[in-house]
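What follows is a structure written as structure tokens; I'll ask about it next.
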Amino acid sequence: MTRQISVAHLTAVDLSPPRFISEAAEAGFDAVGLRLIRVTQDSPGYPLMRDPVMMRDTQAALRDTGLMVNDIEFVKLEPQSDVDRLVPFLDAGASLGAREVICAPYDMDLSRLADRLGRLSELAMQRGLNVSLEFFPWTVVPDLMAAHRVACAAGPEVGVLVDALHFDRSESTIDQLRSMPAARLRLAHLCDAPVRDSYSDAELLHTARAARLPPGEGQIDLGQIIAALPAQVSIGVEVPMTEATQDQGYSKTLKRTLRATKAMLDRVDQHMPSGSS
């Protein structure tokens, strides 16, 4: 099976969008995810909606390389979030040809969270974009089924992003993943990591943001996760490796990540029954 593979911006978040696109193309990726909204104080975001020069440079990089933008991020839905103020962000994503908007659950009021997620989905769909909610073990939406409940309350078009790291370190199960409606699963992020019985919040955050591994280099059962996903799911890799990148540079780590991802997907495909979805 031939799959298009995208690389999430967190994998090389210190690179501006134009340079990230160029490096991703050189490594052999088909698409990128772009971080247009800053997530933490020590991690950059690139607000192309307010930077016309970088927007033009980014669009030029896409034309020159032939890469696509798979998704834009990262919308933290918090108690004070005003979704309507995200219209310029959505417009920027539409102008880049993005498909998906990634959101994160940081509001303890799940009813309000679902309402705002639904409103964001409406605004996104008006611009040809879809919205997916990502779950994180340290948040109020810590696992797959919690994310599914919020997505269902938000509306029929809201998806759930399955990140292999968060899936493995949450209470999510393979049976639950198999039971999910395929229409809700449009995007998955692959990576690997060591597996232990338990983790502190600090350990969860550090690994997620700076110490992942390419697929197949850790202990997560990626084969089962990939096999349980719908055949049409969009595959992205999110593999920030701060120490390795500092030592080897972005070019080598991106190429290493893509090689490992293709090898993992090939192994899974070889063991899939004929005609399986």
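Would you mind finding the one in ARG38, ARG63, ARG3 that is over 18 Å from the mean Cα position of the chain (by Cα) and not hydrophobic (A, V, I, L, M, F, W, C)? Let's see the steps before the verdict.
On the way: ARG38 fails: over 18 Å from the mean Cα position of the chain (by Cα); ARG3 fails: over 18 Å from the mean Cα position of the chain (by Cα).
So the residue among ARG38, ARG63, ARG3 that is over 18 Å from the mean Cα position of the chain (by Cα) and not hydrophobic (A, V, I, L, M, F, W, C) is ARG63.
Of all residues in the range 122-143, which are under 21 Å from ALA193 (Cβ atoms) and surrounded by 24 or more Cβ atoms within 10 Å (Cβ to Cβ)?
Those that are under 21 Å from ALA193 (Cβ atoms) and surrounded by 24 or more Cβ atoms within 10 Å (Cβ to Cβ): PHE135, VAL141.
Which of the residues spanning the range 62-113 are of a type in the set (Lys, Arg) and surrounded by 17 or more Cβ atoms within 10 Å (Cβ to Cβ)?
Within the range 62-113, just ARG99 meets the criteria.
Just checking, does the range 178-195 include any residue being surrounded by 12 or more Cβ atoms within 10 Å (Cβ to Cβ) and touching a His at 6+ places or on another chain (Cβ under 6 Å)?
No - not one qualifying residue is present in the range 178-195.
What pairs come out if I take residues in the range 7-30 that are crowded, with 18+ Cβ neighbours inside 10 Å and at pLDDT 95 or above and pair them with residues that are assigned to a helix (DSSP H, G or I) and among the basic types (Lys, Arg) whose C-beta lies under 6 Å away, six or more apart or interchain?
Short answer, once both residue conditions are applied: ALA27/LYS255.
Considering LEU120, LEU133, which residue is in a helix (DSSP H, G or I), touching a residue at least 12 places away in the same chain (Cβ under 8 Å) and either within 20 Å of ALA31 (Cα to Cα) or aliphatic (A, V, I, L, M) (or both)?
Result of the check over LEU120, LEU133: LEU120.
Of GLY249, GLY223, GLY218, which residue is in contact with a strand residue (DSSP E or B) (Cβ under 8 Å, 6 or more places away or on another chain) and either surrounded by 19 or more Cβ atoms within 10 Å (Cβ to Cβ) or at pLDDT 95 or above (or both)? Write out each step before concluding.
Details: GLY249 fails: in contact with a strand residue (DSSP E or B) (Cβ under 8 Å, 6 or more places away or on another chain); GLY223 fails: in contact with a strand residue (DSSP E or B) (Cβ under 8 Å, 6 or more places away or on another chain).
So the residue among GLY249, GLY223, GLY218 that is in contact with a strand residue (DSSP E or B) (Cβ under 8 Å, 6 or more places away or on another chain) and either surrounded by 19 or more Cβ atoms within 10 Å (Cβ to Cβ) or at pLDDT 95 or above (or both) is GLY218.
The values are calculated or read from the model by the stated rules, or taken from the named source; none is laboratory data. In this text the structure is predicted, and so the values were computed from the model without any measurement. For neighbour counting, all protein chains shown are included, and Cβ atoms are generated from backbone atoms with ideal geometry for every residue, glycine included.
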